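K.L.:
Structure incoming, see below.
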Amino acid sequence: MTAVRAAAGIEGLLTVDLGAVAANWRTLAALHAGGAVAGVVKADGYGLGAVPVARALAAAGCRHFFVAHLAEGLALRAGLGEAPMVAVLNGFPPGADAGAGLVPVWNSLEDVAAHAGAPGILQLDTGMARLGVPPEAWAGLAGLRPLYVMTHLACADQPAHPLNGQQARRFAEARALLPGVAGSFAASSGMFLGAGFESDLARPGAALYGVNPTPGRPNPMRPVVTLTAPVLQIRDVPAGVSVGYAASWVAARASRVATVAAGYADGYLRSLSGKALASFQGQPVPLVGRVSMDLSTFDVTDVPGLRVGDHLTLIGEGCDVDAVAARAGTIGYEVLTSLGARYQRRYVAG
Ligand SMILES: *Cc1c(COP(=O)(O)O)cnc(C)c1O
């Protein structure tokens, strides 16, 4: 085995196309013309940077934002200024936003009582059994005046699932108990379920970031993320020689193997071991062996033009976020929110 050449001190490059984020928001806004469309930027904007993403959305016309945690809300308020609504899905104790004007989501009647007199968003459980006031307690809703009454769909990515219609009916019943209160219903996939799933405020997240909200059908969203990582070494591996931990891949032919600076510590999931497909100049490049913490190895025998220092595309053209997720046995959401802190990050306006 001959190490051809080594290059040190270079890391992966994560490019976030904020123009595509804005375009995706406009696509969703056109689809949901009867109501407003928020931007869900929890988990640091699904790993892509909550503040730059939210600023791009605000410039496109978005006036409502959702995060999950109080700390995320405080950071977003500092980055966005006073104007937009910033709501906190997991709620927070009264006064804990220290005057930042964050809107708590009330997930129980106890939350409602604790925040008496202050603005909030009331979440109802219509069939997900996760957060929100359950139907047994809806008798206690009469007279409440939240900013919005919201609920969340459990099966929106499966349009034929009977729970979708059931949740829509339960939500309509609950809204009848709160006349005049605005509603917030669909997230990304729910926005594609058609009539009956519209509301005064849709709450998409994943679709803004290019994840396909209509699995199994063509993706209506523009891709947002490109992840590339540099080739550190290229070596010749004779037939019969193994590569990487557990010797799980053995060269069946005389091979060229490229070692790339991205591993599971960077969110290049270990479950991609032996399964991922990267690309180089549009050509598919299979991952071989185990993904290790900082490195992954690819069979580049059929890519003779590849050189040390070139970047393989790990997420992007030919291997979009949904395709990577499918190969990892997970969903695009997890691929994005796993993206590590060691990449050089670049924001482009598209
Ligand atoms: C995460 C979340 C959203 C956004 O969901 P996507 O599927 O990413 O569009 C909306 N509402 C609630 C309550 C959420 O937890």
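K.L.:
Suppose the filter is part of a loop (DSSP other than H, G, I, E, B), at pLDDT 95 or above, out of contact with any helix residue (DSSP H, G or I) (no Cβ under 6 Å at 6 or more places or on another chain) and within 16 Å of the ligand (Cβ to nearest atom); does N219 pass it? Please lay out each step first, then the result.
P.N.:
Numbers: part of a loop (DSSP other than H, G, I, E, B): yes; at pLDDT 95 or above: yes; out of contact with any helix residue (DSSP H, G or I) (no Cβ under 6 Å at 6 or more places or on another chain): yes; within 16 Å of the ligand (Cβ to nearest atom): yes.
Yes: the conditions hold for N219.
K.L.:
If we scan region 90-104, do we find a residue that is under 15 Å from R145 (Cα atoms) and either of a type outside the set (K, R) or within 16 Å of the ligand (Cβ to nearest atom) (or both)? If you could, list the steps in order and put the result at the bottom.
P.N.:
From region 90-104, those under 15 Å from R145 (Cα atoms) are 103-104; that's our starting set.
From what's left, either of a type outside the set (K, R) or within 16 Å of the ligand (Cβ to nearest atom) (or both): 103-104.
Yes, region 90-104 contains at least one residue that is under 15 Å from R145 (Cα atoms) and either of a type outside the set (K, R) or within 16 Å of the ligand (Cβ to nearest atom) (or both).
K.L.:
Condition check: small (G, A, S), surrounded by fewer than 15 Cβ atoms within 10 Å (Cβ to Cβ) and over 29 Å from G316 (Cα atoms). Does A59 satisfy that? Show your work before the answer.
P.N.:
On the way: small (G, A, S): yes; surrounded by fewer than 15 Cβ atoms within 10 Å (Cβ to Cβ): yes; over 29 Å from G316 (Cα atoms): no.
Considered against the rule, which asks whether it is small (G, A, S), surrounded by fewer than 15 Cβ atoms within 10 Å (Cβ to Cβ) and over 29 Å from G316 (Cα atoms), A59 comes out as no.
K.L.:
Under 7 Å by Cβ, and 6 or more places apart or on different chains, what pairs join a residue from region 201-212 that is in contact (Cβ under 8 Å) with a residue 24 or more places away in the chain with one that is near the ligand (Cβ under 6 Å from one of its atoms) and assigned to a strand (DSSP E or B)?
P.N.:
Matching pairs, first to second residue: R203/V40; P204/V40; G205/V40.
K.L.:
Specify which of the listed residues (T214, T126) is more than 30 Å from G318 (Cβ to Cβ), in a loop (DSSP other than H, G, I, E, B) and either out of contact with any strand residue (DSSP E or B) (no Cβ under 7 Å at 6 or more places or on another chain) or outside the structural domain of G35 (by TED's automatic domain parsing) (or both). If you could, list the steps in order and put the result at the bottom.
P.N.:
Details: T214 fails: more than 30 Å from G318 (Cβ to Cβ).
Result of the check over T214, T126: T126.
K.L.:
With the condition kept exactly as written, say whether any residue in region 94-102 is in a strand (DSSP E or B), in contact (Cβ under 8 Å) with a residue 12 or more places away in the chain and under 26 Å from the mean Cα position of the chain (by Cα). First the steps, then the outcome.
P.N.:
Of all residues in region 94-102, those in a strand (DSSP E or B) come to none.
The answer is no; no qualifying residue exists.
K.L.:
Report, by residue number, each residue of region 135-163 that is part of a helix (DSSP H, G or I) and either within 20 Å of V37 (Cα to Cα) or modelled with pLDDT under 95 (or both). Explain how you work it out, then say what you get.
P.N.:
Step one: filter region 135-163 for residues part of a helix (DSSP H, G or I), giving 135-141, 162-163.
Those that are part of a helix (DSSP H, G or I) and either within 20 Å of V37 (Cα to Cα) or modelled with pLDDT under 95 (or both): A139, G140, L141.
K.L.:
Just checking, which of D44, D111 is under 21 Å from G350 (Cβ atoms) and out of contact with any Phe, Trp or Tyr (no Cβ under 9 Å at 6 or more places or on another chain)?
P.N.:
Values: D111 fails: under 21 Å from G350 (Cβ atoms).
Going through D44, D111 in turn, the sole match is D44.
K.L.:
Check whether at least one residue in region 190-201 is within 18 Å of the chain's Cα centre (by Cα), within 16 Å of the ligand (Cβ to nearest atom) and of a type in the set (A, V, I, L, M, F, W, C), and report yes or no. Break it down stepwise before answering.
P.N.:
Looking only at region 190-201, we keep the residues that are within 18 Å of the chain's Cα centre (by Cα), and these are 190-192.
If we keep only those that are within 16 Å of the ligand (Cβ to nearest atom) as well, we get 190-192.
Those left that are additionally of a type in the set (A, V, I, L, M, F, W, C): 191-192.
Yes; the residues of region 190-201 include at least one that is within 18 Å of the chain's Cα centre (by Cα), within 16 Å of the ligand (Cβ to nearest atom) and of a type in the set (A, V, I, L, M, F, W, C).
For (1) under 20 Å from I331 (Cβ atoms); (2) surrounded by 18 or more Cβ atoms within 10 Å (Cβ to Cβ), each residue gets a yes or a no:
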{"site": "A239", "(1), (2)": "no, no"}
{"site": "A261", "(1), (2)": "no, yes"}
{"site": "G282", "(1), (2)": "no, no"}
{"site": "G318", "(1), (2)": "yes, no"}
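K.L.:
Look through T330, T301, T259 and report the one residue that is of a type in the set (S, T, N, Q) and in contact with a helix residue (DSSP H, G or I) (Cβ under 9 Å, 6 or more places away or on another chain). Spell out how you get there, then give the answer.
P.N.:
Working: T301 fails: in contact with a helix residue (DSSP H, G or I) (Cβ under 9 Å, 6 or more places away or on another chain); T259 fails: in contact with a helix residue (DSSP H, G or I) (Cβ under 9 Å, 6 or more places away or on another chain).
After ruling out the rest, the residue left standing is T330.
K.L.:
What helices (runs of 4 or more DSSP H) completely inside region 12-60 contain at least 2 residues that are away from the ligand (no atom under 13 Å from the Cβ)? Show your work before the answer.
P.N.:
Values: elements: 18-31, 42-46, 50-60.
Ranges flagged: 18-31, 50-60.
K.L.:
Is one or more of the residues making up region 147-169 on the phi > 0 side of the Ramachandran plot and either in the same structural domain as G34 (by TED's automatic domain parsing) or within 13 Å of the ligand (Cβ to nearest atom) (or both)? First the steps, then the outcome.
P.N.:
So the first thing to find is which residues in region 147-169 are on the phi > 0 side of the Ramachandran plot, and the list is none.
Within region 147-169, not a single residue is on the phi > 0 side of the Ramachandran plot and either in the same structural domain as G34 (by TED's automatic domain parsing) or within 13 Å of the ligand (Cβ to nearest atom) (or both).
K.L.:
Another one. Would you mention how many residues in region 262-300 are within 15 Å of R235 (Cα to Cα), small (G, A, S) and in a loop (DSSP other than H, G, I, E, B)?
P.N.:
1
The values are calculated or read from the model by the stated rules, or taken from the named source; none is laboratory data. The shown structure was predicted, so the numbers you read here are calculated from the model rather than taken from an experiment. Backbone-built Cβ (ideal geometry, glycine too); neighbour counts: all protein chains shown.
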